[in-house]
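Colleague: Here it is: the structure, laid out below.
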Amino acid sequence: MPTNAVAENVFGTLGTVCWSIQLVPQVWKSYRDKSTEGLSDWLVLSWGIAAGFLGIYAIVQNLNIPLIVQPQLFALLCMISWGQCQYYGSSRPKWQSLLLGGGALALLGVFEVAMVFALRPSMNASAIRFFGVFSSVLLALGLSSQYYEIYQRKEVIGVSIAFMTVDLLGGVFSDLSLAFKPKFDSVAAATYTVVVVMDGVVILLAWILNPLARRRRAREALALEASSMDAERTEPAEDQPAEPEMREQGQVSRTRKIRSGFEPSSTTRSRSWQFCGEAQR
């Protein structure tokens, strides 16, 4: 594509906006649900670290300002989300979760500043390329851990689809920004493209697996309801054999009463014999 500074900055700004807010829906969802179930804490942690490596690469390579600001905001939101995973998912105390999230963010910032000052004097091309490539590796590893969560649960839960969609758009706009630079940066483009492809896979899996999971739960609920109804029907049948026995016992008791009412007692028989003997005399 031809060089176009305006298009480069416009698409870079759009990418920055997307990657500045893409984790806001996820952070809000976790806060609203008071749960991070289904969200891999390794995903947001590895993405936060990857943002630090990408920030080093963008600063040293002197990419446009939006693409330099972008990783910093991304790292901030990732560490906030990771702190939520510690609080809601691992049930750590709030102060400990804040300390972990803030401490990780501070260490990442110190590391980024130190590496920028270490690389700028020498401008070692291999070392600079390492930071760009390693950020792509960390992004892929983070999403791989989320894929494992999806595989275990057979559906996409805990992950905001709005987050994945905005994140994907951020990668697309960042790729387009690089396309209008005087020199195309293949390493940065690979990082952004990894995000686009792997986010797209998560969205696709949500479209396919989530309806199937809802239908599966509906079938399980119907089967459970049917089994409970069958159990209620069989309970009276178990009590029915006792009714004939009760009837037989009732008939026996009534027969005994009738017999006892008509059979003469021993006293009555002795008096009748005495009466017959006096009459003969």
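Colleague: Find the residue count for the range 89-119, including only residues that are outside any helix (DSSP H, G or I) and exposed (fewer than 13 other Cβ atoms within 10 Å of the Cβ).
Modeller: Residues that pass the stated criteria total 3.
Colleague: Determine, yes or no, whether Lys34 is free of Cβ contacts under 8 Å to residues at least 40 places away in the same chain and farther than 30 Å from Arg129 by Cβ.
Modeller: It is false that Lys34 is free of Cβ contacts under 8 Å to residues at least 40 places away in the same chain and farther than 30 Å from Arg129 by Cβ.
Colleague: Check whether at least one residue in the range 70-85 is within 17 Å of Tyr192 (Cα to Cα), at pLDDT below 85, in contact with a Ser or Thr (Cβ under 9 Å, 6 or more places away or on another chain) and of a type in the set (A, V, I, L, M, F, W, C), and report yes or no. Write out each step before concluding.
Modeller: At the first step, the residues of the range 70-85 found to be within 17 Å of Tyr192 (Cα to Cα) are 70-75, 78.
Remaining after also requiring at pLDDT below 85: 70.
Right, trim to in contact with a Ser or Thr (Cβ under 9 Å, 6 or more places away or on another chain) and you get 70.
Checking the rest, the ones that are also of a type in the set (A, V, I, L, M, F, W, C) come to none.
There is no residue in the range 70-85 that is within 17 Å of Tyr192 (Cα to Cα), at pLDDT below 85, in contact with a Ser or Thr (Cβ under 9 Å, 6 or more places away or on another chain) and of a type in the set (A, V, I, L, M, F, W, C).
Colleague: For the range 2-55, enumerate the residues that are outside any helix (DSSP H, G or I), at pLDDT 85 or above, β-branched (Val, Ile, Thr) and surrounded by fewer than 22 Cβ atoms within 10 Å (Cβ to Cβ).
Modeller: Scanning the range 2-55 gives no hits.
Colleague: Identify the residue in the range 138-171 that is out of contact with any helix residue (DSSP H, G or I) (no Cβ under 7 Å at 6 or more places or on another chain) and touching a residue at least 60 places away in the same chain (Cβ under 8 Å) and, among all such residues, is nearest to Gly12 (Cα to Cα).
Modeller: Result: Gly158.
Colleague: While we're on this one: Quick check on the range 175-223: of everything there that is among the small types (Gly, Ala, Ser) and in contact (Cβ under 8 Å) with a residue 12 or more places away in the chain, which residue is farthest from Phe53 (Cα to Cα)?
Modeller: Among them, the one singled out is Ala213.
The values are calculated or read from the model by the stated rules, or taken from the named source; none is laboratory data. In this text the structure is predicted, and so the values were computed from the model without any measurement. Counting neighbours? That spans all protein chains shown, and the Cβs are built from the backbone with ideal geometry, glycine included.
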